[in-house]
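See structure below.
The values are calculated or read from the model by the stated rules, or taken from the named source; none is laboratory data. Keep in mind that this is a model prediction, so the values were computed, not measured. Note: ideal-geometry Cβ built from the backbone for every residue, glycine included; neighbour counts use all protein chains shown. When the accessible area is computed, the model is the full protein with side chains, heavy atoms only, and any ligands, DNA or RNA have been set aside. Shrake-Rupley method; radii C 1.70, N 1.55, O 1.52, S 1.80 Å.
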Amino acid sequence: MLAHSAVRALSANSRAFSSSVARQTKVAVLGAGGGIGQPLSLLLKTDPLVTSLSLYDIRGAPGVAADVSHVDAYSEVNGYPADKLDEALDGVQVVVIPAGVPRKPGMTRDDLFNTNASIVRDLAAAIGRVAPTAHILVISNPVNSTVPIVASTLQKAGVYNPARLFGVTTLDVVRAARFTAGIAGVKPADTPITVVGGHSGATIVPLLSQNAYGKAITGDIYKALVHRIQFGGDEVVKAKDGAGSATLSMAYAGAKFTNSLLRGLNGEKGVIMPTFVESPLYKDQGIDFFSSNVELGVNGVEKIHPLGPLSAEEEKLMEACLPELKKNIEKGKAFVESS
């Protein structure tokens, strides 16, 4: 009874994502058997804008699909084993990629690079071959490097469209709202915080000054808040004591961004979320990708918004962000060029 009630509650919550009438939308999750992939698949199953869910992994995806398919939401679910990647991608409009190894204590997102870079490259090559017009949402870390890897791989295949490639930085946005609300004593709905830059450590820049509650936080409390937003993942890795990283909150954030994109693709206006995309904002400094508020629409990326006014503290955070972000991006590009 408790489990049934929990599923009902989750399904009801998913309807709060959007009340739009869904078009036929097939979504694939690559890495559906992992710590992020399983809860992400469950959440996407309950999203009314998903009509077909295609789950793939090198192990476990058919079992996850069988399990998730019993949830009483409209979408159909199919699972595909390691040798059926092309079938999993056939006809998909949106591909979400949480594939790869998780962080462990002492590891940075950059430590994940050598393993996850080749995984993401190979998946991107398959997408370029089978579903070249799909919108691609990259969760696999390090996002600052894996998004450029996907872009370069698609460029090699001659099918790259920058309006259809997104690095999912939504967990930084979710953390910023939750942590700021906790300090201010209000609801997270009252503390939407735009987070810009990248998706690791010092490249994460929360623009607290652009929210009334965030602007009121100063001094050591401000510094501690920024550090917690930037390094919230370390908090979870440490608490799990070697058993994994931020999987559940990342799945929630991934589902939240996927729903936002689907709403935009479905024609809803004014859907704006921070996401890591090819951006003109800092191209003059050699930084081709950057996370900022992006309007999502029928083409994917419809409009990249400027950052707006920054406080003196945020200017300093940007000074630390940009050189590190540039290195991360170049590392991803170089990996594809050398492979």
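Calculate, for the chain, the solvent-accessible area per residue in square angstrom, rolling a 1.4 angstrom probe over the heavy atoms of the protein chains.
That works out to 42 Å² for each residue.
With only Lys, Arg, Asp and Glu charged, each at its Cβ (+1 for the first two, -1 for the last two), find how big the charge dipole of region 31-124 is about the Cα centre; round to the nearest 20 debye. Numbers along the way, then the final one.
Working: 7 positive and 12 negative charges, 79 e Å.
Once rounded to the nearest 20, the dipole reads 380 debye.
Charges at C-beta only: +1 for Lys and Arg, -1 for Asp and Glu. How large is the resulting dipole of region 196-252 about its Cα centre, in Debye rounded to 20?
Taking the Cα centre of region 196-252 as origin, the dipole is about 100 debye.
Is any residue of region 253-274 close enough, with backbone N under 12 Å, to a label point placed 7 angstrom from the Cα of residue 24 along the Cα-Cβ axis, and if so, which?
Label zone hits: none.
Under 15 Å from the Cβ of residue 86, count the other residues' Cβ atoms, weight Lys and Arg +1, Asp and Glu -1, and hand me the total. Walk me through the numbers before you get to the answer.
Details: positive: 26, 84, 129; negative: 57, 83, 87, 90, 122.
For residues surrounding residue 86, the net value is -2.
State the answer as a single residue: which of 155, 250, 181 lies farthest towards the positive end of the charge dipole of the chain, with beta carbon charges of +1 for Lys and Arg and -1 for Asp and Glu, about the Cα centre.
181
Cβ neighbours within 10 Å, averaged per peptide: list 258-266, 292-300, 55-63 in order, most packed at the top. Mind showing how you got there, number by number?
Working: 258-266: 23.2, 292-300: 18.8, 55-63: 21.4.
Highest mean packing first, the order is 258-266, 55-63, 292-300.
Can you check what the net charge comes to around residue 121, using other residues whose Cβ is under 15 Å from the Cβ of residue 121 (Lys, Arg +1; Asp, Glu -1)?
+2
Taking all protein chains in place and a 1.4 Å probe, what share, in percent, of the accessible surface of the chain do carbon and sulfur account for? It would help to have the intermediate numbers written out before the result.
Working: 7730 of 14400 Å².
Ligands and nucleic acids excluded, carbon and sulfur reach 54 percent.
The chain: Rg/Rh from Cα coordinates, Kirkwood Rh?
Values: Rg = 18.9 Å, Rh = 20.0 Å.
Reported Rg/Rh (Cα atoms, Kirkwood Rh): 0.94.
Just add up the charged neighbours of residue 253: K/R +1, D/E -1, any other residue whose Cβ is under 13 Å from the Cβ of residue 253.
Overall, the nearby charge balance is +2.
More than 19 Å apart: what percent of Cα pairs in region 68-194 qualify?
Roughly 59 percent, rounded to a whole number.
Let me spell out the model: positive unit charges on the Cβ of Lys and Arg, negative unit charges on the Cβ of Asp and Glu, origin at the Cα centre of the chain. What dipole size does that give, in debye rounded to 20?
The calculated dipole for the chain is roughly 320 debye.
Considering the options 265, 128, 102, tell which one lies farthest towards the positive end of the dipole of the chain, charges being +1 on Lys and Arg and -1 on Asp and Glu at the Cβ, about the Cα centre.
Positive-end residue among those listed: 265.
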